[in-house]
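Here the structure comes first, spelled out in structure tokens, and everything after it is commentary.
The numbers here are math on the coordinates, done by the rules we state, and not lab data. Computed from a predicted structure; not experimentally measured. Cβ coordinates were reconstructed from backbone atoms using ideal geometry, including for glycine residues, and neighbour counts include every protein chain displayed.
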Amino acid sequence: MGMLVNFSPELANWIDHNLARGCGVDALVDSMVAQRFEPHIARGLAQAFWRARVEGRPAPQEAVAIDDAPQPYVYETPRLPKGPFIRTADRDVPVLMRLERPMLAVLDGVLGLDECAQLIELARPRLRPSTVVDPVTGQDTVTENRDSDGMFFQLCETPFIAQIDQRISQLMNCPVEHGEGLQVLRYGPQAKNTPHFDFLVPSHAANRASLDRSGQRVSTMVIYLNDVASGGETVFPEIGLAVTPKPGNAVYFEYANSLQQVDLASVHAGAPVQAGEKWAVTKWMRERRFVPA
């Protein structure tokens, strides 16, 4: 059974405005509950507007059907290996912290300082303004939500890149060929990345084709390449966590299970760089072998 919940145009505008500026579902729910909304109704309304936005559909009008028993995300055995450190072919990587929900870990010394510097210098001449995929058209666009410069290496492009790809695949416990190519990003002063998810939503042809070829993204590793004078943390707003950049260290998180669910608690953002610049490299893993377009 379900119920139909009517809402005012003013509430619809408020939800849509806050989603557009990067608020997460949980933050909206907290605000609505503080205004005496019943928690289940508040979450159903916020999720209905969020789903419409990420799937490229018009926002709901006048009423939303809410399930009586929403299905929570099922946390399965993490892909990340257990233990205080993870052994790879060329180094042991200490695990500084772990969370279960969402599945997240901070890793120490994934890259050496010389490797960080080499990645920056290899990426620097290939940087271009970063883009995001428009949720309706599927086209890459430059947007104020991501004001950085970036580039992609091909998978195992050189012996140096192959060594890093192989080490990361062992840490993430996924085959090398399941990985997308390393993406290096540079954020200048005041640059940021607003709250977003890394999993793919089949809201347009490009994402549907990518999901058909390679399956869903299942996990992410962000490795910091330099010291940031101030700011630039990786923020997980739904759980109140901010990871401070330290060269060579990484934050790892998972967000897709075998039931085809995705974890909304994995929403994350890059805090503005207050001073200096921030360099980072990201690896995404897929369910199956990654096949580029």
message: As an exercise, use a Förster radius of 30 Å and the Cβ-Cβ distance of M3 and R101 to find the FRET efficiency, rounded to the nearest 0.05.
response: 0.65
- prompt: A20 versus A205, label points 7 Å from Cα toward the beta carbon: distance in nm?
  reply: 2.8
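Where does each of M103, M151 land when they are ranked from fewest to most other beta-carbon atoms within 10 angstrom?
On the way: M103 22, M151 18.
Lowest count first: M151, M103.
What shape does segment 2-67 have by the C-alpha gyration tensor, where a ≥ b ≥ c are the square roots of the eigenvalues, rounded means a/c under 1.5, and otherwise prolate means a/b greater than b/c and oblate the rest?
Working: a/c = 1.45, a/b = 1.07, b/c = 1.35.
It comes out rounded by the Cα gyration axes.
Based on Cβ point charges of +1 for Lys and Arg and -1 for Asp and Glu, what charge dipole magnitude is obtained for segment 2-67 about its Cα centre, in debye rounded to the nearest 20?
Details: 6 positive and 8 negative charges, 27 e Å.
It works out to roughly 140 debye.
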- request: May I ask for the angle, rounded to the nearest 10°, between helix 113-123 and the longest principal axis of the chain, with both axes built from Cα atoms and the value confined to 0 to 90°?
  value: 70
field: Sequence of D16, D92 once ranked by neighbouring C-beta atoms within 10 Å, starting from the fewest
entry: D92, D16
- prompt: So how far apart, in nm, are the two label points at A63 and F152 if each is 7 Å from Cα heading toward Cβ?
  reply: 4.4
task: Using 0.36 nm per residue of separation minus the Cα-Cα distance, give me the extension gain between T194 and D92 in nm, one decimal.
output: 33.4 nm
Karplus-derived 3J(HN,Hα), 6.51/-1.76/1.60, for each residue of segment 235-252, Hz, glycine and proline x: 10, 10, x, 6, 10, x, 10, 10, 9, 7, x, 9, x, x, 7, 9, 10, 10
- line: Between Q35 and Q118, the two model label points (7 Å from Cα along the beta-carbon direction) sit apart by a distance in nm of 5.5
query: Per-residue ellipticity at 222 nm for the chain, helices alone: DSSP H runs ≥ 4 residues times -39500 (n - 2.57), over residue total, nearest 500 deg cm²/dmol?
result: -8000 deg cm²/dmol
field: Cβ-placed point charges (K, R +1; D, E -1), dipole of the chain about Cα centre in debye, nearest 20
entry: 380
- line: Among V262, S214, N226, the residue whose Cα sits farthest towards the positive end of the charge dipole of segment 203-293, when +1 is placed on the Cβ of each Lys and Arg and -1 on the Cβ of each Asp and Glu, is S214
